[in-house]
1. Over segment 141-279, with a single point scatterer placed on each C-alpha, what log10 of the ratio I(q)/I(0) does the Debye formula yield at q = 0.15 1/Å?
2. How much length would be gained if the chain were fully extended between Ala29 and Glu225, taking 0.36 nm per residue of separation minus their Cα-Cα distance, in nm to one decimal?
3. Which entry in (i) 54, 21, 14; (ii) 32, 22, 18; (iii) 42, 22, 16 is this structure's computed semi-axes √(5λ) of the Cα gyration tensor in Å?
4. Keeping every protein chain in place, order Thr262, Thr90, Thr185, Thr60 by accessible area at 1.4 Å, biggest value first, i.e. largest first.
5. Quickly estimate the mean residue ellipticity at 222 nm for the chain, helices only: each DSSP H run with n ≥ 4 gives -39500 (n - 2.57), and the total goes over all residues, rounded to 500.
6. State to the nearest 20 debye the size of the charge dipole of the chain about its Cα centre, where the only charges are +1 on K and R beta carbons and -1 on D and E beta carbons.
7. Any idea of the accessible area per residue across segment 39-96, 1.4 Å probe, to the nearest Å²?
8. Using protein chains only and a probe of 1.4 angstrom, how many square angstrom of Glu164 are accessible, to the nearest 10?
Amino acid sequence: MNALLSTRSLRKSYGDLDAVRGVDLDVEAGEIVGLLGANGAGKTTFMRCALGILAPSGGTSLLFGRPPSRLGRARIGYVPQGRGLYPDLTPRENAQFSAAAYGIRTGATASASERALSVDSYPRRLVRELPLGLQRRLAFDIALAHGPLLLVLDEPTSGVGPLESAELWEVIGRQAAAGIGVLVTTHTMNEAIQCDRLAVMVDGSIAAEGTEADIIAGATVVTVEAADWQAAFDRLVQAGLLVSLAGRGVRVLGAAPEQLLTALDGLPAAIGTAPVTLDERMALLAQ
């Protein structure tokens, strides 16, 4: 199967800063690929280089089997991190601008397929006056209006509530089920696990790729159960260990049980191991 988007050794440098370092990534029709990583990991820069919005410093990117071009980008639906809306235009004016760019109509005489974007349900106010959730949904609707084959979504649910986020992910799922490829960045693990495949970026490179199980790959965390869990937590933090809480249990990443015994300094505690979560695995990869 030919990938809708395919990059090989894609690089982007700004002077001495390597923002993207030799990334290989494919997005196939009908799959959701989640791009994960901390702020500054290079996710947005990679997306922009892959689409040809930024000129890469090296490597290749193919959109629908060809180098990125205006014609290729006309077949994608792109929601950038800032939503890509004009705040001093109304929803209808934003829709009309986008429709003109993609060569579709939004008027009353348009066909059913051309009316995929309905702006009548949005308040007739400037976009900057709308709640963030409505702005996010409008950006989605505009990105889908021309029937794209590939969706590229940069933190599309950032700043919205759980219900609005779930509704937007229902839209993403429906698009993938219809055969559209999706590349999406997210910081939320509940969203990440809805992806078919994940790629974790660290310092501009792909540090791990695959399903959630592939990325966790048997990694474990050391657990600490203590009657005085606060004291245990404080001593482990003071020892410079990577510590988190799960209820009143303490979890320590990247350390051996012997290190914990030394750090606890005689504090009574039961020490064991458990599988890492996806969040914890990402923290380990970033070390």
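1. Debye intensities relative to I(0), on a log10 scale: -0.85.
2. Details: separation 196, 0.36 × 196 = 70.56 nm, distance 4.62 nm.
Gain on extension, Ala29 to Glu225, equals 65.9 nm.
3. Here semi-axes √(5λ) of the Cα gyration tensor in Å agrees with entry (iii).
4. On the way: Thr262 105, Thr90 35, Thr185 0, Thr60 80 Å².
Correct descending sequence by accessible area is Thr262, Thr60, Thr90, Thr185.
5. Values: 10 runs with 89 residues, N = 287.
Result for the chain, helices only: -8500 deg cm²/dmol.
6. Values: 25 positive and 30 negative charges, 258 e Å.
Using Cβ point charges on Lys, Arg, Asp and Glu, the chain gives about 1240 debye.
7. Details: 2950 Å² over 58 residues.
Ligands and nucleic acids excluded, the result is 51 Å² per residue.
8. Glu164 has an accessible surface of roughly 70 Å² with all protein chains in place.
The values are calculated or read from the model by the stated rules, or taken from the named source; none is laboratory data. It should be emphasised that the depicted structure is a prediction, and the values quoted were computed from it without experimental measurement. Methodologically, a virtual Cβ is constructed for each residue, glycine included, from the backbone with ideal geometry; neighbour enumeration extends over all protein chains shown. Areas reflect the complete protein model, heavy atoms only, side chains present, ligands, DNA and RNA absent. Shrake-Rupley method; radii C 1.70, N 1.55, O 1.52, S 1.80 Å.
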